[in-house]
Structure formats: C-alpha cells, structure tokens
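Asks: Have a look at this one before I ask anything.
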Amino acid sequence: MDMDTENTVKKTETPEEEIHRRSEEYRVLHEVSKILHSADELKVVLEKVLATLTRFKELEVEYKAGIFLADEEKKVLRLFSVVGEFGQEFMEKEKEIPYGNCLCGRAAVSGEIIISNSCFSDKRHENKFEGMTDHGHYIVPLKSSGKMVGVLFLYTDSNPPWYIRNQEILLSIGGLIGDAIVSRNREEEIKEKNEQLKELNKLKNQFLGIASHDLRNPLYTILSFSEILADESVGDVNPKQKELLGKINKASRFMKTLLENLLDVSKIESGKIDLDKKVQDLNIVVDQQVELNQLLAEKKEIILDSNLGELLPISFDQNAITQVIGNFISNAVKFSPPKTKVLIFTDIDGDNVRFSVRDEGPGLSEDDQKLLFKEFQVLSAKPTGGEKSTGLGLAICHKLIHLHEGQVGVISELGKGSVFFFTLPLN
C-alpha cells in the first residue's frame, strides 16, 4: 500500500457503530456487484459504480471520480468514465497517461492502492491544471486474475483521515470492477467473432449456391449423354466402352447427389427454404421409403423389417421428412454387412413422435458420434458395399429436423450396431 501520509488511523467504534459500518460496507459491495451485472453498456455501468462510491459516506470522498482502462501492450491508461465536474484541460491532458506517470500511472505499475494527502504537496502528483484546488486521492488498481485492467481514482478533501478498513473495501471493489471489465471485453470479442462468423457463413452459402447451380447443367448433360451412349441408341459400343460409360454415369450420379445436397445446405442456412407443413400420417411416408429402399437392401441380402406403432397425424413437411427417413434407411443399408437385418420403428415418446432405424453394422466410436451430424465429416466407419458418401446427408437431416422443432440423435457402440432416430412434436 503506497502512501505519502501518516494519517492512516483505525477508528475506535462502539459495537453499534461497527455494526452500522459493516452493514454499510456490505450494502455498497452488494450494490456495486448488482450494477456490474446489469445489462447496460460498460461506460454506463462504470459511471453508476462511481456514483455509488461517492455516496458511500464511510469513504468521505467528493462527487469526483473516474476510471482509466489499461492498454497493457502500449503501457498507457486511457480515461474511460468519470462522474463530477472536471475542467476541459483535465479531460484533454488526462485522456491518456503513460504507465509510471503521476499517481494513476504509478498504481498501474505497482498494482497497489495509492493514497495521497494533497495534490500540491505530494511530489508524485506531477500533473497540474489551471484552477485545480487542493485535494487528496484514493488511487485503486483494477485487477483480474493478477492482470492489470485499469485504475480507479476518487477525490477527497486534503489531509483527511485514511481508514484502513476503507482501503480494504476499495481493493475488494477494485477486484469486482476488474473482473467485470474483463468479462465485458470477452463478451464483446465473442459478439464480434460471432458476427464475423455469420458473415463468413453467409458468403459460404452464397458461394455454395452459385457454384452448385452453375455446375448442374453441364453435369446433367454428361449424365444424360453417358446414358444415351450406354443404351446404344446412337450406335454400338464395345464392352470396354460400355464399362467406362457405366463408371462415368456412376460418378455423375454421385456428383448430382453432392450438388443437390450443397444446394439444400445453402438454402437451409440462408433461410431460403420454406416448410410446407401439413397434418398427415408419418407411417405412410415410412412405408413408402421402406419399399423404395427394398431393392438396395436385397442386393446385399439385407432384411428390412418395420414395426410401426399407432400414431396420431402430426404436422410436417412431407418432402423434408421423406428426405430424412430415406437417408436414415439408406445409410443403415449402406453401412450394414450383407445378410443382416435393419429394423425400422415408429412410436410415441412423451409429447413427440419418434422414428428410429436400428442396424447391425460396425457401430460408431465416441469420436465419430461427435462429428456425425456436421458437414463434410469423414468417419472411420465405411460403407460395406463400396458405396459413396458425400458427408452432407446427415448434416442436412439434422437441419431439417430442427426446422421442425424436433431432435435428432444416435445411440451406438463399436461392434454393436447403431440406432439413428429423430423426434417430431405431436402438437
């Protein structure tokens, strides 16, 4: 504690006076804490704290106080908030103070509270101003986790008694203010980063939309021409040519699926997808998708077995939910070994309808489960029949279900298969 005076005293108090003083201390600490946690902008919050401290009678300070914020990199203090009347010269010259200069700059270097009897007799008070009257100071470092955040200064009458208990309270308040400033700065940084991420995401979606849209026409041309040539409707092709055309066609179909998925992602994330929700029977959609995936399952000798519960009609977009159910079933077939079984269920789960698909595949590790519903993720589990995966299907499913205010998830263990599910609200 840095002082230029021997006036530090300890009050002799009656028990009643001590109870009153401590009650006032707790009240001020509580009030300061409450202000620091308010939703006002930082400058307003700190001005309210300063006003509260000047009203704290035990401190015996004037209605003149301020806070400097520290720039640790440039080693300067910048005036941020004040209450009371300060001259224009003060506001101009004290706008920025180097570390080590005058009382506040010294507190920034030492990290200790400074109390000063008189701005005229204290040689450390180097900055003088026209019309300045004699006064004393409390100079309180504002720290958070040991890091210098700023400096609080409070004006007092010259040569007042300095009570040790007051200094302890001010240091406690300095810690609260320091923590609040750091917390607010972090919130602002996070807010700024989030805005940047939103803008980057918007640009990404625009790029995906433009790129995938512009690629569709030439790709569809390749796909159509490869099918025409393979059908030999414009002339004979030899077996080797037919094999190559088949590979071109297969690769083109994969690219077509990828482009359609990219368009879906860009539409969903840019808010350009409108759900056409109608009250209907989910089981009808499930039956249709089981039937459509039957051929794919039969090629791998996989049994598709459905056990559909009695459901009330619910509101959903048929195209979107058809896409999700089709993806879940086709993925189960894709990642299941031949001669296994895929089970499809629907039932009521509390206030929701639940759809789930259970497979007997290799299961998923905990690391894979964390990546599962994110875009462009490569998982350790691979399709069992050489099928291709865009890494977007489940990410799109996740977005579509959330647009319906539902939930999507997986229950899995390595070597024990997986259960993929989603829920949709009954109401």
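The values are calculated or read from the model by the stated rules, or taken from the named source; none is laboratory data. Remember, it's a predicted structure, so these values are computed and weren't measured experimentally. Cβ coordinates were reconstructed from backbone atoms using ideal geometry, including for glycine residues, and neighbour counts include every protein chain displayed.
Asks: Which one of ASP367, ASP347 is more than 28 Å from SER252 (Cβ to Cβ), among the acidic types (Asp, Glu) and at pLDDT 90 or above?
Replies: Working: ASP367 fails: at pLDDT 90 or above.
Criteria check complete, one pass: ASP347.
Asks: Out of the residues in the range 1-32 that are of a type in the set (Ser, Thr, Tyr) and outside any helix (DSSP H, G or I), state the one that is modelled with the highest pLDDT.
Replies: To start, the set of residues in the range 1-32 that are of a type in the set (Ser, Thr, Tyr) comprises 5, 8, 12, 14, 23, 26.
Cutting the leftovers down to outside any helix (DSSP H, G or I) gives us 5, 8, 12, 14.
Values: THR5: 51, THR8: 60, THR12: 66, THR14: 76.
Selected residue: THR14.
Asks: Cβ-Cβ under 6 Å, sequence separation 6+ or interchain: first residue in the range 14-41 and in contact (Cβ under 8 Å) with a residue 24 or more places away in the chain, partner surrounded by 13 or more Cβ atoms within 10 Å (Cβ to Cβ) and not in a helix (DSSP H, G or I). Which pairs?
Replies: If the second residue must be surrounded by 13 or more Cβ atoms within 10 Å (Cβ to Cβ) and not in a helix (DSSP H, G or I), the pairs left are VAL28/PHE56.
Asks: Another question, then. Count, please, the residues in the range 107-125 that happen to be surrounded by fewer than 21 Cβ atoms within 10 Å (Cβ to Cβ) and either more than 46 Å from the chain's Cα centre (by Cα) or of a type in the set (Lys, Arg) (or both).
Replies: Total meeting the criteria: 6.
Asks: If a residue has to be crowded, with 18+ Cβ neighbours inside 10 Å and at pLDDT below 90 to count, how many in the range 33-77 make the cut?
Replies: So the count comes out to 3.
Asks: Could you grab the pairs with beta carbons closer than 6 Å, sequence gap of 6+ or different chains, first residue in the range 58-81 and closer than 15 Å to LYS48 by Cα, second one of a type outside the set (A, V, I, L, M, F, W, C) and outside any strand (DSSP E or B)?
Replies: TYR63/THR54; TYR63/GLY84; LYS64/GLY84; ALA65/THR54; SER81/LYS43; SER81/GLU47
Asks: Need the failing condition index for ASN101 against (1) at pLDDT 90 or above; (2) closer than 26 Å to LEU29 by Cβ; (3) not basic (Lys, Arg), just the number.
Replies: Just one mismatch for ASN101, condition (2).
Asks: Residues ILE190, ILE268, ILE210: which one is at pLDDT below 70, loosely packed, with under 13 Cβ neighbours inside 10 Å and among the aliphatic types (A, V, I, L, M)?
Replies: Working: ILE190 fails: at pLDDT below 70; ILE268 fails: loosely packed, with under 13 Cβ neighbours inside 10 Å.
Result: ILE210 is the single residue among ILE190, ILE268, ILE210 that is at pLDDT below 70, loosely packed, with under 13 Cβ neighbours inside 10 Å and among the aliphatic types (A, V, I, L, M).
Asks: Hey, another quick one. Restricting attention to the range 376-420, which residues are modelled with pLDDT of 90 or more, hydrophobic (A, V, I, L, M, F, W, C) and either surrounded by fewer than 19 Cβ atoms within 10 Å (Cβ to Cβ) or part of a loop (DSSP other than H, G, I, E, B) (or both)?
Replies: Selection gives VAL410, ILE411, VAL419.
Asks: When you go through (1) within 23 Å of LYS277 (Cα to Cα); (2) modelled with pLDDT under 90; (3) buried (at least 20 other Cβ atoms within 10 Å of the Cβ); (4) of a type in the set (S, T, N, Q) one by one for ASN331, which number turns out not to apply?
Replies: (1)
Asks: Considering only residues that are closer than 11 Å to SER330 by Cβ and exposed (fewer than 13 other Cβ atoms within 10 Å of the Cβ), which ones fall in the range 296-313?
Replies: None; the set is empty.
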